[in-house]
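A.B. asks: Here it is, the structure in full.
The values are calculated or read from the model by the stated rules, or taken from the named source; none is laboratory data. Computed from a prediction, not measured in an experiment: that's the story for all the values here. Every residue, glycine among them, receives a Cβ derived from its backbone with ideal geometry; neighbour counts consider all protein chains shown.
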Amino acid sequence: MSRRAIIAGAGIGGLAAALALSRARFDVTLYESAEALEEFGAGLQLTPNATHVLSDLGVLDRVESFALRTRAIIAIRGSDDAVLMRMPINGAVGRGDTPYLTIHRADLQRALAEAARRQPNVKLCFGSTVAEIETNGDRISVGVKQGATTIHDSADLLIGADGLRSRVRERFRFGKADRLAFVGCVAFRATADSARVDSGWTRPEVCLRLGSRAHLVHYPMRGGSILNLVAVIESTWHSADDDHPWDGEADRPTLDRAFSRWSKATRDLLAATSHWRAWPLYCRPPIASFSIGRIALLGDAAHPMVPFLAQGAAQAIEDAGVLGRVFSQIQSIPDGLVTYSRVRVGRMARIQIEAKKHGRTYHLNGPMSFARDASMRLLGAGRLSSRYDWLYGA
């Protein structure tokens, strides 16, 4: 008899989990609150630990058709464009057998959704929000809001892949300590037509510009036709809009002031587009378990993190890969979810902590920034890349 799973959320993690569980012979239904897949967000970095999972799921070739293989990561001093480090990537870090990609979030989601729709045991339901959860013996029952109506469904397990403000996570009752915390930074995101920037910045490389209380990441996507831009600045601002506190029109003067003393090349990159969006950055502390009974959390619902290791999407994909491997070997739902949680919790706590550390390092100023820059130059690409083996080689 086939096991059945309900997944709340059809983002990157939810779709990857659907594919992984379908391969473990689950019938899977995804409920997504959005009415359709949308051109939402901007660029993502898919590191080798994630592309390895996508390869196992049989979707890497399709994902690569939308993506660019990254040749190197370059760290640059934002004030004068001095190169601090150039670290070769593909074949040189992590597993060595899977690529480091840059891709538009919408393209990755599209590739995963296409693969999910091809599976006869996967069903996608849009305009559907999991709002009620009940445990009935060996079944999980959910109430799903679809417009003005509520339907009811049940399954052997429920995966909460419903993001930063997960309704499923509320079921775990972590209390006040689990409240979202603004981390004191705002991410400004945009894409620019590559024809509007220096051709040197359209090479398949991830460029990280470092400076006092801010940094800028940029890399090409979609065959080099567009450039993804992410500028992160330290700020006390965050929206009080409870419905959409993570997304709003950018305060462009604030962005320009933050980079006013940076190099002309940096300022030209920021000026290449006028369409910026702003996301205040939030996180939660690491938690001791990602599962309770027949319910589990995945992606941002389990381990929201700051983006300074470029691991948000990658770790959601890793979660999905572990779920698939566990349930290809374990029949018991509660035992399988305990194993999933045990495998993931320690690694995720480390990544959440390391991501915060990287953010602090990026934004150093004064003598500490000089020490950081000198350290990068002295370590060189080889020793720097070895520091990421634990992350990319999983």
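A.B. asks: Can Glu249 be described as more than 24 Å from Leu297 (Cβ to Cβ), of a type in the set (Asp, Glu) and surrounded by fewer than 19 Cβ atoms within 10 Å (Cβ to Cβ)? Give the steps one after another, and end with the answer.
C.D. replies: On the way: more than 24 Å from Leu297 (Cβ to Cβ): yes; of a type in the set (Asp, Glu): yes; surrounded by fewer than 19 Cβ atoms within 10 Å (Cβ to Cβ): yes.
So Glu249 fits the description; yes.
A.B. asks: Working only within the range 200-256, note down all residues that are among the charged types (D, E, K, R), outside any helix (DSSP H, G or I), within 21 Å of the chain's Cα centre (by Cα) and at pLDDT 90 or above.
C.D. replies: Glu205, Arg209, Glu234
A.B. asks: Looking at the range 332-364, which of the residues that are touching a residue at least 24 places away in the same chain (Cβ under 8 Å) and assigned to a loop (DSSP other than H, G, I, E, B) is surrounded by the most Cβ atoms within 10 Å (Cβ to Cβ)?
C.D. replies: The residue in question is His363.
A.B. asks: Can I ask one more? What is the one condition in (1) surrounded by fewer than 17 Cβ atoms within 10 Å (Cβ to Cβ); (2) touching an Asp or Glu at 6+ places or on another chain (Cβ under 8 Å); (3) under 14 Å from Asp80 (Cα atoms) that Arg261 does not satisfy?
C.D. replies: (2)
A.B. asks: Sticking with this one: Anything in the range 173-191 that is among the hydrophobic types (A, V, I, L, M, F, W, C) and under 21 Å from the mean Cα position of the chain (by Cα)? List them, or say none. Full working, then the answer.
C.D. replies: Let us first name the residues in the range 173-191 that are among the hydrophobic types (A, V, I, L, M, F, W, C), namely 174, 177, 180-183, 185-188, 190.
Residues satisfying the conditions are Leu180, Ala181, Phe182, Val183, Cys185, Val186, Ala187, Phe188, Ala190.
A.B. asks: A follow-up question, please. Regarding Leu384, is this residue in contact with a strand residue (DSSP E or B) (Cβ under 8 Å, 6 or more places away or on another chain), crowded, with 17+ Cβ neighbours inside 10 Å and in contact (Cβ under 8 Å) with a residue 60 or more places away in the chain? Steps first, answer last, please.
C.D. replies: Numbers: in contact with a strand residue (DSSP E or B) (Cβ under 8 Å, 6 or more places away or on another chain): yes; crowded, with 17+ Cβ neighbours inside 10 Å: yes; in contact (Cβ under 8 Å) with a residue 60 or more places away in the chain: yes.
For Leu384, the condition - in contact with a strand residue (DSSP E or B) (Cβ under 8 Å, 6 or more places away or on another chain), crowded, with 17+ Cβ neighbours inside 10 Å and in contact (Cβ under 8 Å) with a residue 60 or more places away in the chain - is met.
A.B. asks: Across the range 1-26, what is the total count of residues that are surrounded by fewer than 18 Cβ atoms within 10 Å (Cβ to Cβ) and touching a strand residue (DSSP E or B) at 6+ places or on another chain (Cβ under 9 Å)? Before you say what the answer is, go through the steps one by one.
C.D. replies: Just the residues of the range 1-26 that are surrounded by fewer than 18 Cβ atoms within 10 Å (Cβ to Cβ), to begin with: 1-3, 23, 25.
Remaining after also requiring touching a strand residue (DSSP E or B) at 6+ places or on another chain (Cβ under 9 Å): 2-3, 25.
Summing the residues that are surrounded by fewer than 18 Cβ atoms within 10 Å (Cβ to Cβ) and touching a strand residue (DSSP E or B) at 6+ places or on another chain (Cβ under 9 Å) in the range 1-26 gives 3.
A.B. asks: A further question follows. Residues of the range 73-87 being farther than 11 Å from Val217 by Cα, under 24 Å from the mean Cα position of the chain (by Cα) and among the hydrophobic types (A, V, I, L, M, F, W, C), which ones?
C.D. replies: The answer is Met87, and nothing else.
A.B. asks: Return yes when Glu170 is more than 19 Å from Ile292 (Cβ to Cβ), in a helix (DSSP H, G or I) and over 17 Å from the mean Cα position of the chain (by Cα) and no when it is not. Break it down into steps so the answer makes sense when it comes.
C.D. replies: Values: more than 19 Å from Ile292 (Cβ to Cβ): no; in a helix (DSSP H, G or I): yes; over 17 Å from the mean Cα position of the chain (by Cα): yes.
Spelling it out, it is not the case that Glu170 is more than 19 Å from Ile292 (Cβ to Cβ), in a helix (DSSP H, G or I) and over 17 Å from the mean Cα position of the chain (by Cα).
A.B. asks: Next question. What's the number of the condition Arg117 fails, among (1) farther than 27 Å from Val130 by Cβ; (2) free of Cβ contacts under 8 Å to residues at least 24 places away in the same chain?
C.D. replies: (1)
A.B. asks: Just for the range 301-331: of the residues that are among the charged types (D, E, K, R) and touching a helix residue (DSSP H, G or I) at 6+ places or on another chain (Cβ under 7 Å), which one is surrounded by the most Cβ atoms within 10 Å (Cβ to Cβ)? Reasoning before the result, please.
C.D. replies: Kept after step one, since they are among the charged types (D, E, K, R), are these residues of the range 301-331: 318-319, 325.
Then drop every residue that is not touching a helix residue (DSSP H, G or I) at 6+ places or on another chain (Cβ under 7 Å), which leaves 318-319.
Numbers: Glu318: 26, Asp319: 29.
Top of the filtered list is Asp319.
A.B. asks: What are the residues in the range 172-195 that are closer than 28 Å to Ile103 by Cβ, surrounded by fewer than 16 Cβ atoms within 10 Å (Cβ to Cβ) and of a type outside the set (A, V, I, L, M, F, W, C), if any?
C.D. replies: Scanning the range 172-195 gives a single hit, Asp193.
A.B. asks: Here is a further query. Somewhere in the range 155-171, is a residue among the hydrophobic types (A, V, I, L, M, F, W, C), within 23 Å of Trp279 (Cα to Cα) and surrounded by fewer than 15 Cβ atoms within 10 Å (Cβ to Cβ)?
C.D. replies: Scanning the range 155-171, I find no residue that is among the hydrophobic types (A, V, I, L, M, F, W, C), within 23 Å of Trp279 (Cα to Cα) and surrounded by fewer than 15 Cβ atoms within 10 Å (Cβ to Cβ), so the answer is no.
A.B. asks: Right, something else. Would you kindly identify the strands (runs of 3 or more DSSP E) lying entirely within the range 59-167 that contain at least 1 residues that are closer than 30 Å to Ala181 by Cβ?
C.D. replies: Values: elements: 72-77, 83-88, 101-104, 122-126, 129-136, 139-146, 149-155, 157-160.
Strands (runs of 3 or more DSSP E) meeting the threshold: 72-77, 101-104, 129-136, 139-146, 157-160.
A.B. asks: Then there's this: Do any residues in the range 268-284 that are of a type in the set (S, T, N, Q) have Cβ atoms under 6 Å from those of residues that are at pLDDT 90 or above, where the two are at least six apart or on different chains, and which pairs are they?
C.D. replies: That search, which allows pairs on different chains as well, returns Thr273/Ala190; Thr273/Ala192.
A.B. asks: Does the range 31-46 contain at least one residue that is more than 30 Å from Gly211 (Cβ to Cβ), among the hydroxyl-bearing types (Ser, Thr, Tyr) and not in a helix (DSSP H, G or I)? So that I can check it myself, show each step before the final result.
C.D. replies: Quick first cut of the range 31-46, residues more than 30 Å from Gly211 (Cβ to Cβ) only: 31-39.
Applying the additional criterion that residues be among the hydroxyl-bearing types (Ser, Thr, Tyr) yields 31, 33.
Okay, now just the ones that are also not in a helix (DSSP H, G or I), so 31, 33.
Within the range 31-46, one or more residues are more than 30 Å from Gly211 (Cβ to Cβ), among the hydroxyl-bearing types (Ser, Thr, Tyr) and not in a helix (DSSP H, G or I).
A.B. asks: Let me ask you something else. Acidic (Asp, Glu) and either in contact with a Gly (Cβ under 9 Å, 6 or more places away or on another chain) or at pLDDT 95 or above (or both), is that true of Asp373? Give the steps one after another, and end with the answer.
C.D. replies: Working: acidic (Asp, Glu): yes; either in contact with a Gly (Cβ under 9 Å, 6 or more places away or on another chain) or at pLDDT 95 or above (or both): no.
No, not satisfied.
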